[in-house]
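S.K.: Have a look at this one.
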Amino acid sequence: MFFSRSTVFVALSALVATAAAAPSTLPASQCNTGSIQCCNSTQKASSAGMSDLLGLLGVVVSDVTALVGSNCSPISAVGLGGNSCSAAPVCCENNQFNGLIALGCVPVNLSL
């Protein structure tokens, strides 16, 4: 079997783009950017509704594929009963918007 270099390049490029677009899930213990957040929803910064909200708030996100959480609240004492998240548990780099939005989020597995 022989493949042209362009065919291999296109296949590898598609694989890399797919891997970069899908954020991996972290164990809760590896969240070292602050408290784990429970967000009502998470979307890419470039999505229609989220980019509009970020624009209204004057927030500039340089990575349009970054995951942004909205309507977030901190989850404390992960692993102890009573603290759960039925929406989207995430670990975010920037939680300085009073829970309205959280920037640079990565999904978190609370059971790890």
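The values are calculated or read from the model by the stated rules, or taken from the named source; none is laboratory data. As the structure is a computational prediction, the values presented were derived from the model and not from experiment. A quick note on method: Cβ atoms are made from the backbone with ideal geometry, for glycine too, and the neighbour counts reach across all protein chains shown.
S.K.: For region 55-72, name all the residues that are surrounded by 10 or more Cβ atoms within 10 Å (Cβ to Cβ), within 15 Å of the chain's Cα centre (by Cα) and at pLDDT below 90. Show your work before the answer.
M.R.: The first filter runs over region 55-72 and keeps only residues surrounded by 10 or more Cβ atoms within 10 Å (Cβ to Cβ), leaving 55, 57, 59, 61, 63-72.
Still in the list and also within 15 Å of the chain's Cα centre (by Cα): 61, 63-72.
Result: 61, 63, 64, 65, 66.
S.K.: Another question, if that's okay. Answer yes or no: is there a residue in region 21-39 that is at pLDDT below 50 and surrounded by fewer than 13 Cβ atoms within 10 Å (Cβ to Cβ).
M.R.: There is at least one residue in region 21-39 that is at pLDDT below 50 and surrounded by fewer than 13 Cβ atoms within 10 Å (Cβ to Cβ).
S.K.: Tally up the residues in region 48-65 that are in contact with a strand residue (DSSP E or B) (Cβ under 6 Å, 6 or more places away or on another chain) and part of a helix (DSSP H, G or I), please.
M.R.: Here the count works out to 1.
S.K.: Are there any pairs, at least 6 apart or on different chains, whose C-beta atoms fall under 9 Å, with the first in region 27-47 and within 10 Å of residue 108 (Cβ to Cβ) and outside any loop (DSSP other than H, G, I, E, B) and the second modelled with pLDDT of 85 or more and of a type in the set (Ser, Thr, Tyr), and if so, which?
M.R.: 37/73; 38/73
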